[in-house]
1. Condition first: surrounded by fewer than 14 Cβ atoms within 10 Å (Cβ to Cβ) and either closer than 15 Å to CYS46 by Cα or touching a helix residue (DSSP H, G or I) at 6+ places or on another chain (Cβ under 6 Å) (or both). Now tell me which residues in segment 110-146 satisfy that.
2. Got a number for residues in segment 62-87 being over 21 Å from PRO15 (Cα atoms) and either surrounded by fewer than 17 Cβ atoms within 10 Å (Cβ to Cβ) or in contact with a Gly (Cβ under 7 Å, 6 or more places away or on another chain) (or both)?
3. Let me confirm something: among PHE118, PHE148, which residue is under 24 Å from SER33 (Cα atoms), under 14 Å from the mean Cα position of the chain (by Cα) and part of a helix (DSSP H, G or I)?
4. Scan segment 133-145 and give yes if some residue there is acidic (Asp, Glu) and in a loop (DSSP other than H, G, I, E, B), otherwise no.
5. Let me confirm something: among PHE87, PHE82, which residue is more than 20 Å from THR18 (Cα to Cα) and in contact (Cβ under 8 Å) with a residue 24 or more places away in the chain?
6. Can you tell me which of LYS55, LYS45 is surrounded by fewer than 14 Cβ atoms within 10 Å (Cβ to Cβ) and either in a helix (DSSP H, G or I) or in contact (Cβ under 8 Å) with a residue 24 or more places away in the chain (or both)?
7. Of everything in segment 3-35 that's at pLDDT below 90 and of a type in the set (Val, Ile, Thr), which residue is nearest to SER69 (Cα to Cα)?
8. Only one of (1) within 12 Å of the chain's Cα centre (by Cα); (2) among the aliphatic types (A, V, I, L, M); (3) closer than 19 Å to THR41 by Cα fails for ILE95. Which number is that?
Amino acid sequence: METSNEPIETSFLFPFETFSDFESALELIFSPSAASVILYTAALKCGTKLCRRVKKRLKTKEEALTSFSKLKHKEKWGKISFQKINFKNGLGKVIVTDSFETKARKTKQPSCHFFRGFLAGFLSELFQKTVTVTEENCAAKGDEQCEFTFE
């Protein structure tokens with residue numbers, strides 16, 4: 001997968017509704033809580049692998065986070081902003097507007113399980129320690145935007 005700011009040539013489109021249908025199918029087959037674990041865990045590995053690819057070509061953690069934001073925006077994951085980052089301790093906040101996970105799904109609780117796992121994998125690899133990501137606000141439940149904290 002290309003991790004620069006150039007267009008991605010080896011990708012495919014996955015409509016927001018299809019992702020929502022996929023998540024609903026996992027909930028039906030297993031349970032809502034099991035589906036969230038499956039999405040989170042699969043994404044954790046994907047985020048880790050993306051960070052490894054990014055670290056090969058970028059020198060700083062700041063560059064890696066900027067690259068992550070630009071790439072995922074280009075892939076229509078949403079507009080991602082890293083804030084209040086403590087690079088020494090691996091702490092901070094992430095704001096996502098127009099998250100792909102919230103486009104076609106409405107819930108009563110935070111539900112960006114795939115993005116949360118992807119972010120946890122990426123940040124854990126970046127900071128070389130286990131990073132916990134918590135979704136504080138979620139557009140799928142009516143919040144203005146999705147907000148995550150990590151530590």
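The values are calculated or read from the model by the stated rules, or taken from the named source; none is laboratory data. Since we're looking at a predicted model, the values are computed, not measured. Every residue, glycine among them, receives a Cβ derived from its backbone with ideal geometry; neighbour counts consider all protein chains shown.
1. Correct list: THR130 only.
2. Final tally of qualifying residues: 10.
3. PHE118
4. yes
5. Matching residue, one of PHE87, PHE82: PHE87.
6. Answer to the check: LYS45.
7. Restricting to residues being at pLDDT below 90 and of a type in the set (Val, Ile, Thr), the top hit is THR3.
8. That leaves (3) as the condition not met.
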